[in-house]
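Please read the structure below before turning to the comments.
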Amino acid sequence: MGYWNTRGLRGSAFEEIINFTNDRYKSMGLAVVQKIPTPITPVQFDSGKKIITLAYFDKQSTVDYIGIAQGHGLCFDAKETNQKSLPIQNIHSHQIEFMMKFSQQGGVAFLLVHMAEYGKYYFLPIEILEKYWTKSVSGGRKSIPISAFEDIYEVKIRGGGIIDYLEAVNTYLCEREKTES
C-alpha cells in the first residue's frame, strides 16, 4: 500500500498551471477537464497547522485528469522531471492499462510532461509511451529520452499563463486521422 507524505506534492506547481488552464478552457467553452483526486486515508494530522502529515492511498488511481474537448474524450497524467529523460518508474502499470483501454475506445490518452531540465512541456501520446513501457518491462531502457518527445507535440505557454495542450491534442488527432486513412 502506498503512502503519502510531503514528497507527494512534487509537481504541484505544474498541476496548478494545468488546473488554471483547464479552468480557462472551460470558461472559453473549449473543454471540460477535471483533476481526479487520489483517495487517501489520513494516518497523522497536525491539528495546529490543520494539515495531513501522513496518509496512505486507499486504492490505485487511474490518471490525473479526465474530460472531453470538442467531442473527444481525454485522459492524461501529468509528469515532471528534472532529469534529461523521463524515468519510466514514475509511470505505473495500472495507468498504462487504463490509458490503453481509453485509447482503444477512441479517446485521446497521453502524458503531459514538463521536462524542467530543458524548460519545455510535451504531449506524449499513449502509443509512444506504451512502446517505451513495453521495452522497459522486457529489460530495456528505463527512461524515455528527450528525443522521443516530438517537436510537433511541444506544448507552449500562451498568453494569460495557460499551457495550451489542446493545440497538441489537435495536432495528434490530425496525425492519427492521416494514419487511419
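Details
So that you can scan it fast, the table gives a plain yes or no per residue for (1) open to solvent by less than 60 Å² (accessible area, probe 1.4 Å); (2) without any contact (Cβ under 8 Å) to a residue 12 or more places away in the chain; (3) not in a helix (DSSP H, G or I):
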{"residue": "F110", "(1), (2), (3)": "yes, no, yes"}
{"residue": "Y118", "(1), (2), (3)": "no, no, yes"}
{"residue": "F123", "(1), (2), (3)": "yes, no, yes"}
{"residue": "E130", "(1), (2), (3)": "no, no, no"}
{"residue": "G140", "(1), (2), (3)": "yes, yes, yes"}
{"residue": "V169", "(1), (2), (3)": "yes, no, no"}
{"residue": "L173", "(1), (2), (3)": "yes, no, no"}
{"residue": "E177", "(1), (2), (3)": "no, yes, no"}
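- When the residues of segment 40-65 are filtered to those that are of a type in the set (D, E) and open to solvent by less than 70 Å² (accessible area, probe 1.4 Å), the one that is modelled with the highest pLDDT is D64.
- Selection from segment 142-167 of residues that are free of Cβ contacts under 8 Å to residues at least 60 places away in the same chain, in contact with a strand residue (DSSP E or B) (Cβ under 7 Å, 6 or more places away or on another chain) and hydroxyl-bearing (S, T, Y): Y153
- The residues listed here are Q95, Q105; of these, the one that is polar (S, T, N, Q), in contact with a Ser or Thr (Cβ under 8 Å, 6 or more places away or on another chain) and closer than 19 Å to F76 by Cα is Q95.
- Test: residue in segment 83-90 that is of a type in the set (G, A, S) and in a strand (DSSP E or B): yes
- Screening G160 against (1) surrounded by fewer than 16 Cβ atoms within 10 Å (Cβ to Cβ); (2) closer than 21 Å to I36 by Cα; (3) small (G, A, S) leaves a single unmet condition, (2).
- Residue match in segment 91-103 (condition: in contact (Cβ under 8 Å) with a residue 40 or more places away in the chain and under 28 Å from S27 (Cα atoms)): no
- The residues of segment 25-39 that are within 18 Å of A168 (Cα to Cα), open to solvent by less than 70 Å² (accessible area, probe 1.4 Å) and in contact with a strand residue (DSSP E or B) (Cβ under 8 Å, 6 or more places away or on another chain), listed by number, are Y25, L30, A31, V33.
The values are calculated or read from the model by the stated rules, or taken from the named source; none is laboratory data. Small disclaimer: the values here were computed from a predicted structure and weren't measured. With ideal geometry, Cβ positions are generated from the backbone for all residues, glycine too; neighbour counts draw on all protein chains shown. Surface areas here come from the heavy atoms of the whole protein model, side chains and all, with no ligands, DNA or RNA. Shrake-Rupley method; radii C 1.70, N 1.55, O 1.52, S 1.80 Å.
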